[in-house]
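This report concerns only the one structure given below.
Please treat every number below as a calculation from the coordinates, not as lab data. Bear in mind that the values here come from a model prediction, so they are computed numbers and not experimental data. Counting neighbours? That spans all protein chains shown, and the Cβs are built from the backbone with ideal geometry, glycine included.
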Amino acid sequence: MNEWIVLCNAPDDDTASRLAETLVGERLAACVNLLAPCRSVYRWQGAVETAAEVPMLIKTTAERYPALEARLAELHPYEVAEIVAVPLAAGLPAYLDWLRDGVA
């Protein structure tokens, strides 16, 4: 499969919305789902931190991923943004066609 889901967390709804609109507007993503805020616990600079974040599910293709990653890293306010890509194993063919058209 050529289609991917990219996982990324944003610090708040406004940032997540701005990132999503930019990625879809620039045809780097076909769709971005903004999920309900969650609580993240992680280690940063030697300390355990806790933060509220907005998870984002970003749909793209393998070909568009490098540009998406670069743009997301450029726009993201975190020093090190979580940007993790997972290739899709299967999907409804009509949806996957729509996804590919969305980033073409």
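Values for this structure:
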{"quantity": "Options [x] 10, 17, 12, 14, 15, 23, 9; [y] 15, 47, 28, 9, 1; [z] 16, 44, 24, 12, 4, 0 - which one matches P(r) over Cα pairs in 10 Å bins from 0, in percent as calculated here", "calculated": "[y]"}
{"quantity": "Angle between the chain longest axis and helix 65-75 axis [Cα atoms, degrees, rounded to 10]", "calculated": "40"}
{"quantity": "Cβ-Cβ FRET estimate between ARG43 and ALA94, R0 fixed at 41 Å, reported to 0.05", "calculated": "0.45"}
{"quantity": "Packing rank of 78-85, 46-53, 27-34, where each peptide gets the mean count of other beta carbons within 10 Å, highest leading", "calculated": "27-34, 78-85, 46-53"}
{"quantity": "About the Cα centre, charge dipole magnitude for the range 12-93 (Lys/Arg +1, Asp/Glu -1 at Cβ), debye", "calculated": "260"}
{"quantity": "Degrees, to the nearest 10: 93-103 long Cα axis against longest axis of the chain", "calculated": "70"}
{"quantity": "In degrees, nearest ten, helix 13-25 long axis to first principal axis of the chain (Cα)", "calculated": "30"}
